[in-house]
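Bear in mind that the values in this text are calculations on the coordinates, not laboratory data. What you are looking at is a predicted structure, and each value in this text was computed from that prediction instead of being measured. Cβ: placed from backbone, ideal geometry, glycine included. Neighbour counts: every protein chain shown.
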Amino acid sequence: MASNPRILIAPSLLAADFTNLGQQVRDAAAAGADLIHVDIMDGHFVPAISFGPIVVDAIRRCTNLPLNIHLMVEEPDAILTQCIKKGGTDQVIVHAEACRHLHRTVFRIKELGAQAGAAINPGTPISAVEEVLPDLDLVLVMTVNPGFGGQSFIPGALDKVRRLARIIEAQGYRAQLEVDGGIKADHTAQDSVRAGASILVAGTAIFNPQETVDAAMTNLRQAVQGVRRTPVKGP
Ligand code: DX5
Ligand code: ZN
């Protein structure tokens, strides 16, 4: 049976008020965020451009929480040293679709002092990360096509979460399963946890004009409280 680790919530700053970024990071931390999700976009791997390593440094100065750094860039290797702080507790996630030598990049991330994650888009099979699964600290299953906040959750992605959860469980790997895109305080969060996710990224569900960050975090936390990860029997 799959173990039921604590569900970690990683607010995505992409939806934050950039005129007040430091305060938004502090609000998320005060509301009980476990990680701060940081989306770097280069305008090539995804159509949008967000921000780069200089802003990541600034974010780091606002919090002691580990950063969950999601690199949606065509050439992640080129910016790894700028994104990773030696001796830190951050996690760096590269997209399998962007890495010609995924195994090398994963080990480079660890060498530089971060935990290593690999992400797959909705159209990418789990086989794209399977060979490096024993080496990963986390696997990120995109539940929207990457590039923008506020998109609708793609339910079909859950089956990949389920299959990855089975493999991780059966093999005794340590990788955590993360979902990103369209996660709200409703069935999307619950279904993700049931399927085996233990890290939930949420952007617009946490940073929005309708409620405070604190209230939004509470809603999301409550939505998944008591939801059991699906028992699994092996791959
Ligand atoms: C999208 C980013 C997400 C984004 C999620 O490509 O990777 O992290 O901020 O936003 P929501 O939660 O609004 O879908
Ligand atoms: Zn992201």
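Quick grid of which residues meet (1) surrounded by 24 or more Cβ atoms within 10 Å (Cβ to Cβ); (2) under 14 Å from Arg6 (Cα atoms); (3) more than 10 Å from ligand 1 (Cβ to nearest atom):
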site	(1), (2), (3)
Arg162	no, no, yes
Arg166	no, no, yes
Gln176	no, yes, yes
Ile183	yes, no, no
Ile206	yes, no, no
Gln210	no, no, yes
Arg221	no, yes, yes
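Taking the range 149-187 as the range and being part of a helix (DSSP H, G or I) and within 15 Å of ligand 2 (Cβ to nearest atom) as the test, only Ala157 passes. The number of residues in the range 69-89 that are within 16 Å of ligand 1 (Cβ to nearest atom) and more than 9 Å from Pro53 (Cα to Cα) comes to 7. Tell me, yes or no, whether the range 19-36 has at least one residue that is hydroxyl-bearing (Ser, Thr, Tyr), over 15 Å from Asp214 (Cβ atoms) and within 16 Å of ligand 2 (Cβ to nearest atom). No - not one qualifying residue is present in the range 19-36.
Results for (1) surrounded by 20 or more Cβ atoms within 10 Å (Cβ to Cβ); (2) of a type in the set (Asp, Glu), shown as yes or no for each residue.
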position: Asp17; (1), (2): no, yes
position: Gly22; (1), (2): no, no
position: Ala33; (1), (2): yes, no
position: Ile36; (1), (2): yes, no
position: Ile40; (1), (2): yes, no
position: His44; (1), (2): no, no
position: Phe51; (1), (2): no, no
position: Val55; (1), (2): no, no
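Answer yes if at least one residue in the range 106-116 is away from ligand 2 (no atom under 16 Å from the Cβ), at positive phi and surrounded by fewer than 18 Cβ atoms within 10 Å (Cβ to Cβ), and no otherwise. Looking for residues that are away from ligand 2 (no atom under 16 Å from the Cβ), at positive phi and surrounded by fewer than 18 Cβ atoms within 10 Å (Cβ to Cβ), one finds at least one in the range 106-116, hence yes. Considering each of Ala185, Ala205, Ala215, Ala189 in turn, give the residue that is free of Cβ contacts under 8 Å to residues at least 12 places away in the same chain, hydrophobic (A, V, I, L, M, F, W, C), out of contact with any Pro (no Cβ under 6 Å at 6 or more places or on another chain) and over 21 Å from Val106 (Cα atoms). From the options Ala185, Ala205, Ala215, Ala189, the qualifying one is Ala215. Among the residues of this structure, Arg100 does not count as one that is assigned to a helix (DSSP H, G or I), more than 16 Å from ligand 1 (Cβ to nearest atom) and out of contact with any strand residue (DSSP E or B) (no Cβ under 7 Å at 6 or more places or on another chain). Can you pull out every residue in the range 128-149 that is within 14 Å of Glu169 (Cα to Cα) and either out of contact with any Gly (no Cβ under 8 Å at 6 or more places or on another chain) or aromatic (Phe, Trp, Tyr) (or both)? Result: Glu130, Leu133, Pro134.
Remark: pairs (first residue in the range 41-69, under 21 Å from Gln115 (Cβ atoms) and among the β-branched types (Val, Ile, Thr); second residue within 12 Å of ligand 1 (Cβ to nearest atom) and not in a helix (DSSP H, G or I); Cβ separation under 7 Å; 6+ apart in sequence or on different chains) = Val56/Val38; Val56/Ile69; Ile59/Ile36; Ile59/Val38; Thr63/Ile36; Ile69/Val38; Ile69/Ile40; Ile69/Ile93. State whether the residues of the range 109-117 include one that is small (Gly, Ala, Ser), within 16 Å of ligand 1 (Cβ to nearest atom) and part of a strand (DSSP E or B). Checked the range 109-117: at least one residue is small (Gly, Ala, Ser), within 16 Å of ligand 1 (Cβ to nearest atom) and part of a strand (DSSP E or B). Taking the conditions (1) surrounded by fewer than 24 Cβ atoms within 10 Å (Cβ to Cβ); (2) assigned to a helix (DSSP H, G or I); (3) polar (S, T, N, Q) in turn, Ser192 satisfies each one other than (1). Could you go through the range 77-93 and let me know if any residue there is within 16 Å of ligand 2 (Cβ to nearest atom) and over 30 Å from Thr19 (Cα atoms). Among the residues of the range 77-93, not one is within 16 Å of ligand 2 (Cβ to nearest atom) and over 30 Å from Thr19 (Cα atoms), which makes the answer no.
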